[in-house]
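Note sheet for the following structure.
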Amino acid sequence: RGQHLILHHIGPILIALSNPLPVMRFWFEKISPGWRRTLRPLSWVYQVLQQPFIALFLFVGLIYFWLWPSIHFDAMLSRDLYWVMNWSMLLDGLLFWWLIFDPRPPAITSSLGYGRRMLVLAAAGVLQMFLGAWIVFSRDMVYDVYEVCGRAWPLDPEVDQLLGGMLTYIPPAMMSILGILLMLRRAMHQDGKYTNQSKQLEETAS
């Protein structure tokens, strides 16, 4: 769970907040025209994946999918499936957090509005809390695969499951709250900016 916390949350959040858009544009312009035409259909797929409901469904759904006991059992015992799990978490995390922290102002671009971003974050946090609570308060061992493949540290199974469940919902919920606060700050900043511009235009016109 700690590994997926980095792949699905912390790493993508830091990348999205670094605003890589100018660098991506620079490298895209360096690509040959033939490769640009080849990659252009991917923009349609990207736009579909960036729809708020689809992005939320994939973001939370992948966590539920890979933590489903039978699927998690197979993923932990298959090297290929294990890498598919990790790469899917990383790529989905990058898509989701870029949607949330897109630096383009919604007022003058097609980016998602700040209010809808906050709703998506709140929904993601609540859904992850349900999953984490189920793991924490389950009376039986949810993931018996670690009795087969072993544990990284000599922990009791109950303690291991408790820590895993807490890592599933406490840090992600905190990150959702942090994201909501950042969106509120951006919204207030943009509102103040456009208000000042409107006053300047009124003064110029008068």
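Summed over the stretch 140-195, the residues that are under 21 Å from M76 (Cα atoms) and among the basic types (K, R) give a count of 1. Just one of (1) more than 21 Å from the chain's Cα centre (by Cα); (2) in contact (Cβ under 8 Å) with a residue 60 or more places away in the chain; (3) open to solvent by less than 30 Å² (accessible area, probe 1.4 Å) fails for Q161. It is (2). Counting the residues of the stretch 124-151 that are without any contact (Cβ under 8 Å) to a residue 12 or more places away in the chain and among the acidic types (D, E) gives 2.
Across the stretch 132-158, the number of residues qualifying as in a helix (DSSP H, G or I), open to solvent by 60 Å² or more (accessible area, probe 1.4 Å) and aliphatic (A, V, I, L, M) comes to 1. Answer yes or no as to whether V60 is at pLDDT 90 or above and out of contact with any Pro (no Cβ under 9 Å at 6 or more places or on another chain). In short, yes.
Okay, residues lined up against (1) under 27 Å from M188 (Cβ atoms); (2) over 20 Å from the mean Cα position of the chain (by Cα):
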residue: Q50; (1), (2): yes, no
residue: L67; (1), (2): no, no
residue: L95; (1), (2): yes, no
residue: A107; (1), (2): yes, yes
residue: V126; (1), (2): yes, no
residue: W134; (1), (2): no, yes
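Just so you know, in the stretch 66-89 the residues that are under 20 Å from Q128 (Cα atoms) and not in a helix (DSSP H, G or I) include one that is most open to solvent (accessible area, probe 1.4 Å), and it is W68. Being of a type outside the set (S, T, N, Q), farther than 30 Å from W153 by Cα, modelled with pLDDT under 90 and not in a helix (DSSP H, G or I) is the requirement here; does P103 meet it? In short, yes. Just one of (1) at pLDDT 90 or above; (2) touching an Asp or Glu at 6+ places or on another chain (Cβ under 9 Å) fails for V145. It is (1).
The values are calculated or read from the model by the stated rules, or taken from the named source; none is laboratory data. All of these numbers come straight from a predicted model, not from anything done at the bench. Here Cβ is always computed from backbone atoms with ideal geometry, including for glycine, and neighbour counts include all displayed protein chains. Note: areas computed on protein heavy atoms with side chains; ligands, DNA, RNA excluded. Shrake-Rupley method; radii C 1.70, N 1.55, O 1.52, S 1.80 Å.
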